[in-house]
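Please treat every number below as a calculation from the coordinates, not as lab data. Computed from a predicted model, the values in this text were never measured in an experiment. In this analysis, Cβ positions are derived from the backbone assuming ideal geometry, glycine residues included, and neighbour counts consider all displayed protein chains.
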Amino acid sequence: MNIELVKVEETEKSVLRQLIELYNYDFSEYDQADVNAHGFYGYRYFDHYWTEEARHPFFIKVDGELAGFVLVNDHCYYLKGAGARSIAEFFVMRKYRGKGIGKVVARQVFDRFPGKWEVLQHGENAPSIRFWETIVSEYTNGNFEKHAAQTEDWEGQALIFDNS
């Protein structure tokens with residue numbers, strides 16, 4: 001199985017937009033979001049991924065097929081102003097879950113951007129919490145911090161580490 005992290009080009013925005021709708025549909029179980037009057041969830045910072053230098057959109061491809069996406073940025077809740085990176089969104093389509101793909105992709109993302117990292121998980125999303133705690137613990141050999149994190153929109157936890 002060939003697992004790739006591929007930068008999303010501006011000409012591919014419509015494909016990523018559709019995948020984000022699938023992601024938001026899945027995530028609405030946790031954040032209770034509703035679609036708008038046009039039937040879309042939308043994503044407020046979508047266009048910023050092609051206008052701001054610190055935002056990086058990637059497709060996840062498995063054997064050449066789209067399997068999900070990852071959005072990386074420097075908008076951190078816990079490490080504000082620390083020059084850290086954050087996994088803004090991470091989505092593996094259901095067909096590809098449970099096969100180790102997310103683990104491979106997470107490692108590829110972390111390796112691509114050495115430095116301080118903040119990885120947040122929504123407090124209601126138990127599968128995400130288990131996934132990220134396992135991945136970050138393995139990736140850092142247990143050398144990470146776990147903190148409670150709260151924003152105006154949600155509560156959860158932040159996993160903090162440095163892979164410089």
Among Tyr77, Tyr43, Tyr25, which one moves the most in a GNM of the chain with springs linking Cα atoms closer than 10 Å? Tyr43
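In whole percent, what relative contact order does the range 1-57 give with Cα contacts below 8 Å and a gap of six or more residues? Kindly include the intermediate steps, with their values, before the conclusion.
On the way: 23 pairs, mean separation 19.6, N = 57.
Here the relative contact order equals 34 percent.
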Give me P(r) over the range 57-123, computed from all C-alpha to C-alpha distances, binned every 10 Å, as integer percentages. 20, 50, 25, 5
Report, to one decimal in Å, the Kirkwood hydrodynamic radius for the range 29-89 based on all distinct Cα pairs. 13.7 Å
At Lys95 and Ala37, where each label point lies 7 Å from the Cα along Cα→Cβ, what is the point-to-point distance in nanometres? 3.6 nm
Length gained when the stretch Met1-Asn163 is fully extended (0.36 nm per residue, less Cα-Cα span): 55.7 nm
Using label points projected 7 Å from each Cα along Cα→Cβ, tell me how many nm separate Glu10 and Asp63, to one decimal. 3.5 nm
Return the FRET efficiency for the residue pair Ala148, Glu29: r is the Cβ-Cβ distance, R0 is 25 Å, and the value is rounded to the nearest 0.05. 0.70
For the chain, set up a GNM with springs between Cα atoms under 10 Å and report which of Lys95, Lys80, Lys103 has the largest fluctuation. Lys95
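Semi-axes, largest first, in whole Å: what does sqrt of 5 times each Cα gyration tensor eigenvalue give for the range 1-156? Working shown, then result.
Details: eigenvalues 96, 76, 58 Å².
Its equivalent ellipsoid spans semi-axes of 22, 20, 17 Å.
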Karplus couplings for the range 156-162 from phi (6.51 cos²θ - 1.76 cosθ + 1.60, θ = phi - 60°), rounded to Hz, Gly and Pro as x? x, 9, 10, 9, 10, 7, 10
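Under unit Cβ charges (Lys, Arg +1; Asp, Glu -1), what dipole magnitude, rounded to 20 debye, does the range 17-164 have relative to its Cα centre? Present the calculation step by step, with values, prior to reporting the outcome.
Values: 16 positive and 22 negative charges, 114 e Å.
For the range 17-164, the charge dipole is close to 540 debye.
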Computed E for Arg17/Ala54 - FRET, C-beta separation, R0 22 angstrom, nearest 0.05: 0.60
